[in-house]
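J.: Take this structure, written in structure tokens, and hold onto it; I'll ask about it next.
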Amino acid sequence: MKNKSAILIIVTALILTALACSLNPQTWFTQTLEPINDGVVTTISKVVIEDGDLPSLYEEVNPGVVAIRALTEEGGGLGTGFVWDEEGHIVTNFHVIHAATDLEVAFPSGFKTRAQILGSDPDTDLAVLELDQLPPELKVLSLGQSSDLLVGQTVIAIGNPKGLQGSMTLGIISALGRTMESMHFAPGGGVFATGNIIQTDAAINPGNSGGPLLNLNGEVVGINSAISTTSIDLSGQPVNSGLGFAISIDTAKNVVPDLIVFGNHDSPYVGIAVMGELSLFDQEALDLPQSTGVYIREVTPGSPADKAGLVGAESREGDLKGGDLIIAIDDQQVNDFADFMGYLLTYKNPGDQVTILVIRGAETLEFELTLEKRP
């Protein structure tokens, strides 16, 4: 078993101010008139693009990118998706469709059809749609591997910003391994977090949500999800500021098959609240031997962490003291919470056992922990 996701976090490493989807109450459906065609032709998009040949990449990939219109009780919304497989499953963001009462999927060819939600996961902000009808030709996008990405690598986003269908933007990978809040609220307050997030400066705006982030081979390496911004346009919509975020395709490869088969995905649960990135000042105040690792502020009673024997900090005269410092998981070095989260998200499932190495006082201790399903 390979799966993934995250654990409870109180201090989130990154709070995003705007999800990259459109919530325009004047966005409405157009009726589907195109008949289904017998003998759907399926092509798998995997093409090596020569240096600088972006028009060829667009021509190859864009037929597999769709516009999604969602009717809601408040009006409507607009997002993006892409064709995942030969069955015509469409992958998009959870936040694009979770409040929808009706859905329309529009292909660049002009073909439109209604769709149903087949599965969704608020932890990773992913969803899968099933089309009522398949288009005469179906372009399936090829999936890359986000673990191969490098900071500075050129990437491309295709989507429907502000309803402008089929828009292509260019940028680079700005950073890897970011974390952000999920849309899954934890019992007793707070939210769960998700990780393995790609940061990019490719222009992403409302309407881009759920669209592909691609490498220069035309392979999907991420799913555009959110932007961080303090600016809005005249209609009150958030504006791109060069800080865009995408769910890694490695995460999607673990989650989407569950959404297709079961309709949901269970993320692994550890049961710890942690301190954010440790500074040298934190290290000194907490009397820690190093400033890298994940410092446990609190262990949830009865959680996998509690059962394994991990301990959180104690408050002594207003200061935190004690508390385990996680420095490795399954022999993988952990420099910060993003490392810890990313490993769980990409490789682990509820029921899996992990080995956690911690520093406790002057000792280095090893614990066996069995992951559970998030409550």
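J.: Rounded to the nearest 0.05, what FRET efficiency is calculated for Asn335 and Leu54 with R0 set to 41 Å and r the Cβ-Cβ distance?
T.: The calculated FRET efficiency here is 0.70.
J.: Here is a follow-up. With 10 angstrom as the radius, rank Leu345, Leu170 by how many other C-beta atoms surround their C-beta, starting from the fewest. Provide the component values of the computation, followed by the final result.
T.: Working: Leu345 29, Leu170 12.
Least to most surrounded, the residues fall as Leu170, Leu345.
J.: Which net charge results for the neighbourhood of Ala99, defined as the other residues with beta-carbon distances under 10 angstrom from its beta-carbon, given Lys and Arg at +1 and Asp and Glu at -1?
T.: For residues surrounding Ala99, the net value is -2.
J.: Once both labels are modelled 7 Å past Cα along the beta-carbon direction, what's the Asp102-Thr355 spacing in nm?
T.: In this crude label model, Asp102 to Thr355 measures out at 5.7 nm.
J.: Counting only other residues whose beta carbon sits under 12 Å from that of Gly309, what net charge do I get with K and R as +1, D and E as -1?
T.: -2
J.: Could you check the spin-label model distance between Glu277 and Ser315? Points 7 Å from the Cα along Cα→Cβ, value in nm.
T.: Label-label distance for Glu277 and Ser315, simple model: 2.7 nm.
J.: Among Phe192, Phe281, Phe340, rank each residue by its count of other Cβ atoms within 10 Å, from fewest to most, as a rough exposure measure. It would help to have the intermediate numbers written out before the result.
T.: Details: Phe192 22, Phe281 9, Phe340 27.
So the ranking, lowest neighbour count to highest, is Phe281, Phe192, Phe340.
J.: What size of dipole, in debye to the nearest 20, comes out for segment 268-373 about its Cα centre when the only charges are +1 on Lys and Arg C-beta atoms and -1 on Asp and Glu C-beta atoms?
T.: That gives segment 268-373 a dipole magnitude of about 280 debye.
J.: Using Cβ contacts closer than 10 Å as the measure, can you line up Thr292, Thr346 from fewest to most?
T.: In increasing order of surrounding Cβ atoms, one gets Thr292, Thr346.
J.: Continuing with the same structure: Given a Förster radius of 41 Å and the C-beta distance between Gln153 and Lys307 as r, what FRET efficiency does 1/(1 + (r/R0)^6) yield to the nearest 0.05?
T.: Calculated transfer efficiency: 0.50.
Since every read-out is calculated from the coordinates, none of them should be taken as a lab result. Bear in mind the structure is a predicted one, so any value in this text is a computation, not a measurement. Neighbour counts run over all protein chains shown; Cβ positions are idealised from the backbone, glycine included.
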